[in-house]
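Report on the structure given below.
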Amino acid sequence: MNRIFSGVQPTGNLHLGNYLGAIRNWVRLQASHHCLYCVVDLHAITVPQDPVELRSSTREVAATLLAAGIDARSSIVFTQSQVAAHAELAWIFNCVARLGWLNRMTQFKEKAGKDRENATVGLYAYPTLMAADILLYHATHVPVGEDQKQHLELTRDIAQAFNSMYGVDFFPLVEPIILGTAARVMSLRDGTRKMSKSDPSDQSRINLTDPPEVIAHKIRRAKTDPQPLPESPAGLEGRPEAENLLGIYASLSNITLEQACQQFAGASFSHFKAALTELAVADLAPIAAELNRLLADPGYVEGVLKDGAARARTIADPNLSQVHELIGFLRS
């Protein structure tokens, strides 16, 4: 069976965009792949973190994955820092990757902004740790969005360079899984901006912890325009809020945007929002209820992560030992 690795940062307070863009697809992939889902706390500390908040967010993100349908028995759910081989392989890859490769990474430029001289080395070397995350488990596939394609190409470059340096065919050239059903969910207050935890307005997003009445309130208040809904996606040009809400409906319904337009052609937003609210509550309320139950039992969530880390190490440690052998390290 093909093996998938995917990671999520412990930012906490995951929202509808995270669910439709990634988590729901991760749940579906469990049926056809051996999956490792990692809360990447080593990546999180490339920028300053409050220790108490980091621990809390790590538990919350893990609980969210479980509540959304990730099966910790068939998949492996764990935290990155609990498997030391991630950090060790990342250092080895630092000695394989070329500065020119990392200099081309656009995400560092975006995250560091104009104050690059004060950015951490960790933020700069983030892509080599990402490569280690994937290749440590000999993952064959990684589900990726548009913003991660460049990092996956670097992972392939590093695997190929390592194999060439040591004359082996050890690391696989991982393939992307481009999730055609993944939704790009925008802010409920501004259809030109992605839905984000960092937005100061809680009304801009639907959090996965929101109860039904809050979901309904946010959808009612979502920004729209005065025109009726169009009969085809072509009629959404220049109407980002309408396109966003119809896109959310289509994704939750597992239909195309064109089908959603046909279903509500000529309808008012008040009629459409009532249907969207009913659909969103039916899909998200059970997740919120289970998430809140899990958050009330942090010991259980930590136990799942501890067990997942132990299972991850049974794959990671033998692979790292083979890397030691190939490089020429003395056996421990």
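Overall, the anisotropy analysis places region 1-98 in the oblate class: the square-rooted eigenvalues a ≥ b ≥ c of its C-alpha gyration tensor yield a/c not less than 1.5, with a/b not exceeding b/c.
Give me the extension gain from ARG331 to ALA285: residue separation times 0.36 nm, minus the current Cα-Cα distance, reported in nm with one decimal.
So the chain would gain 11.3 nm between ARG331 and ALA285.
For TYR166 and ALA274, the difference between the fully extended length at 0.36 nm per residue and the C-alpha to C-alpha distance is 32.8 nm.
Across q = 0.11, 0.14 Å⁻¹, region 202-293 modelled as identical point scatterers on its alpha-carbon atoms has Debye log10 I(q)/I(0) values of -0.30, -0.48, in the order of the q list.
For region 202-293, the Cβ-based charge dipole about the Cα centre amounts to some 240 debye (Lys, Arg positive; Asp, Glu negative; other atoms uncharged).
Let a ≥ b ≥ c be the square roots of the eigenvalues of the Cα gyration tensor of region 50-93; is it rounded (a/c under 1.5), or, if not, prolate (a/b larger than b/c) or oblate? Here region 50-93 falls in the oblate category.
The residue list PRO233, ILE206, THR256 was ranked by how far each Cα lies along the charge dipole of region 202-293 toward its positive end, using unit charges on Cβ atoms, and ILE206 comes out on top. Per-residue packing, averaged as other Cβ atoms within 10 Å, sorts the ranges 16-29, 253-266 into the order 16-29, 253-266, beginning with the highest. Over all orientations, the chain has a Cα convex hull whose mean projected area works out to 18.3 square nanometres. Working from label points 7 Å from Cα in the Cα-to-Cβ sense, the GLU53 to GLN107 distance is 2.1 nm. For the chain, the Cβ-based charge dipole about the Cα centre amounts to some 180 debye (Lys, Arg positive; Asp, Glu negative; other atoms uncharged). Dividing the summed helix terms, -39500 (n - 2.57) for each DSSP H run of n ≥ 4, by the number of residues in the chain produces a 222 nm estimate of -16500 deg cm²/dmol to the nearest 500.
Applying 1/(1 + (r/R0)^6) with r as the Cβ-Cβ distance of GLN262 and VAL214 and R0 = 35 angstrom yields a FRET efficiency of 0.70.
Counting pairs on different chains as well as pairs 8 or more places apart, how many Lys pairs in the chain have Cα atoms under 24 Å apart? Eligible lysine pairs with Cα atoms under 24 Å apart amount to 19.
Every read-out reported here was derived from the displayed coordinates using simple, explicitly stated rules and does not represent laboratory data. All of these numbers come straight from a predicted model, not from anything done at the bench. Counting neighbours? That spans all protein chains shown, and the Cβs are built from the backbone with ideal geometry, glycine included.
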